[in-house]
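The values are calculated or read from the model by the stated rules, or taken from the named source; none is laboratory data. Nothing here was measured: the structure is a model prediction, and the numbers come from that model. Note that each Cβ is placed from the backbone with ideal geometry, even for glycine, and that neighbours are counted across all protein chains shown.
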Amino acid sequence: MSTGSRELTSIEICAGAGGQALGLHRAGFRHLALVEVDPHAAESLRENIRTRRDWAWERKKCRVLEGDVKKFQPIGHILNPDLDDRTHREFSDDEALRRLREEGGAAEKEKYLLAPGRLDLLAGGVPCPPFSVAGKQLGMDDDRDLFPEMLGLVEELRPRAVMIENVRGLVEPEVKFRYYRNQIKNRLRKAGYVICGWRVLEAGDFGVPQLRPRAILVAIREDCYRGFDWPVPQKKIKTVFAALENSMARRLGGRESELYQQWEREVKNGTVAPTLVGGSKRHGGADLGPTRAKRAWERLGVDAMGVANDEDKMVDSDRDLGKIGRGPKLTVAQAAIIQGFPEDWIFSGGKTARYRQVGNAFPPPVAAAVGEAIKDALARTGPLHDDPDPGFEPEGDPSDLDTTIPFQPAFPAFEDDTADHGGALVR
């Protein structure tokens with residue numbers, strides 16, 4: 001998809017293994033850079049760009065930048081996407097870019113480098129520190145808060161649109177983190193953006209067989225704003241059975257096998273899965289979540305006490321495939337299907353590293369739906385629209401001044417993102 005005669009371009013930070021990148025690519029955006037700190041996830045991005053037939057544009061022009069987003073400097077390090085392929089190859093290595101930055105004249109830099117205002121979309125699944133009221137409450141002083149980095153990149157790049165994904169707990173209940181959200185929105189307004197809203201979208205409404213609400217912020221630059229419409233939820237839910245039917249039949253010995261028929265009877269009692277959990281490097285190996293989630297998976301015929309080895313690497317069939325009275329464990333590939341990935345998407349690293357990439361991903365179908373809405377908004381013509389909500393909002397928590405007002409924590413607690421883990425929809 002193009003704007004005029006050129007492709008719609010995007011840069012994504014905190015890209016993970018590519019859930020959001022895949023969704024935005026489906027919507028018509030072409031990636032100039034994907035920034036990710038985890039080496040396994042960065043390798044997943046490189047492998048999928050290298051091998052996927054429909055990612056030929058990215059093979060030529062996308063940089064997968066492995067490292068801390070705080071060190072990401074797009075101006076001077078990302079090439080103008082309108083360069084022809086030969087010129088792009090000539091300047092694509094780090095040494096050529098360094099010479100251009102340090103020795104090139106103003107006209108050369110304008111011609112060859114990405115300029116502010118030229119990018120169509122800046123996107124990112126920006127993490128929020130998991131601090132509860134009972135924690136240290138370091139708030140914006142915590143070095144894991146990457147919202148300031150995201151907003152700094154907005155000010156530097158001045159993209160036509162901004163998309164930020166986060167946990168539902170940042171938005172609901174509305175009062176809980178109101179002042180932190182206001183700071184983010186006010187900074188975007190000062191940078192010249194219209195806030196289209198901060199909307200909670202449920203992955204199950206967009207063809208993902210999982211209960212996974214995500215909070216999405218969309219903002220559009222004032223000189224590009226002609227309205228914005230949020231994606232409309234689908235009417236039909238995709239069930240766990242529909243998603244895993246073929247792979248379970250293959251793993252469990254066919255549709256006539258006792259193990260498969262046991263799983264089919266159980267899984268048809270439910271509809272969508274509980275929220276997959278990626279976890280962190282500080283917390284053990286891969287499994288399907290806390291106790292409530294494990295019970296929900298059990299009702300869907302799945303043993304959630306760990307993740308199965310890949311089909312071609314199975315060493316213990318009782319552990320991985322289950323037995324009468326206990327269902328099979330999911331493989332990483334099956335967890336990826338539950339997250340909305342295609343079966344041929346590549347995840348690099350060992351089993352635990354790959355499962356964490358899956359569990360922490362933004363479901364591609366949801367990203368695609370929002371990407372389509374942004375693409376539609378940027379393609380509109382005619383008079384610009386006024387900002388429907390231009391007023392700046394209060395940033396100071398009154399509880400800082402009046403101790404009789406309950407404290408409002410600066411960030412969502414870890415529990416805010418796990419509240420739905422046990423909520424598989426059971427008939």
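Screening residue 124 against (1) at pLDDT 90 or above; (2) surrounded by fewer than 13 Cβ atoms within 10 Å (Cβ to Cβ) leaves a single unmet condition, (2).
Using the structure shown, decide if residue 119 is of a type in the set (A, V, I, L, M) and closer than 25 Å to residue 216 by Cβ. Spell out how you get there, then give the answer.
Working: of a type in the set (A, V, I, L, M): yes; closer than 25 Å to residue 216 by Cβ: yes.
The answer is yes for residue 119.
Looking across region 51-89, the residues that are loosely packed, with under 14 Cβ neighbours inside 10 Å and of a type in the set (Asp, Glu) come down to 54, 68, 84, 85. Yes or no: residue 160 at negative phi, at pLDDT 95 or above and more than 22 Å from the chain's Cα centre (by Cα)? For residue 160, the condition - at negative phi, at pLDDT 95 or above and more than 22 Å from the chain's Cα centre (by Cα) - is not met. Report yes if residue 97 is buried (at least 18 other Cβ atoms within 10 Å of the Cβ), in a strand (DSSP E or B) and assigned by TED's automatic domain parsing to the domain that holds residue 372, otherwise no. Here the answer is no, as residue 97 does not meet what is asked. Scan region 58-77 for residues that are more than 22 Å from the chain's Cα centre (by Cα) and β-branched (Val, Ile, Thr) and the total you get is 1.
Matching residues to (1) modelled with pLDDT of 95 or more; (2) in the same structural domain as residue 25 (by TED's automatic domain parsing); (3) loosely packed, with under 14 Cβ neighbours inside 10 Å:
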site: 283; (1), (2), (3): no, no, yes
site: 291; (1), (2), (3): no, no, yes
site: 314; (1), (2), (3): no, no, no
site: 321; (1), (2), (3): yes, no, no
site: 327; (1), (2), (3): yes, no, no
site: 332; (1), (2), (3): yes, no, no
site: 335; (1), (2), (3): yes, no, no
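I'm checking my understanding of the structure. Among residues of region 225-240 that are modelled with pLDDT of 95 or more and within 13 Å of residue 210 (Cβ to Cβ), which one is surrounded by the most Cβ atoms within 10 Å (Cβ to Cβ)? Restricting to residues being modelled with pLDDT of 95 or more and within 13 Å of residue 210 (Cβ to Cβ), the top hit is 240.
Among the residues that make up region 304-313, is at least one of them in contact with a Leu (Cβ under 7 Å, 6 or more places away or on another chain), free of Cβ contacts under 8 Å to residues at least 60 places away in the same chain and among the β-branched types (Val, Ile, Thr)? Before you say what the answer is, go through the steps one by one.
Applying the first criterion (in contact with a Leu (Cβ under 7 Å, 6 or more places away or on another chain)) to region 304-313 yields 304, 307-308.
From what's left, free of Cβ contacts under 8 Å to residues at least 60 places away in the same chain: 304, 307-308.
Narrowing the set further to residues that are among the β-branched types (Val, Ile, Thr) leaves 307.
Yes, some residue in region 304-313 is in contact with a Leu (Cβ under 7 Å, 6 or more places away or on another chain), free of Cβ contacts under 8 Å to residues at least 60 places away in the same chain and among the β-branched types (Val, Ile, Thr).
Restricting to strands (runs of 3 or more DSSP E) lying wholly in region 134-248: which have 3 or more residues that are touching a residue at least 40 places away in the same chain (Cβ under 8 Å), under 23 Å from residue 72 (Cβ atoms) and not small (Gly, Ala, Ser)? Talk me through it step by step, then tell me what you get.
Numbers: elements: 161-167, 193-202, 213-221.
Of the strands (runs of 3 or more DSSP E) lying wholly inside region 134-248, those with at least 3 residues that are touching a residue at least 40 places away in the same chain (Cβ under 8 Å), under 23 Å from residue 72 (Cβ atoms) and not small (Gly, Ala, Ser) span 161-167, 213-221.
If you go through region 354-397 one residue at a time, how many are of a type in the set (Val, Ile, Thr) and farther than 22 Å from residue 192 by Cβ? Don't jump to the end; show me each part of the working.
To start, the set of residues in region 354-397 that are of a type in the set (Val, Ile, Thr) comprises 358, 366, 370, 374, 381.
Okay, now just the ones that are also farther than 22 Å from residue 192 by Cβ, so 358, 366.
Number of matching residues: 2.
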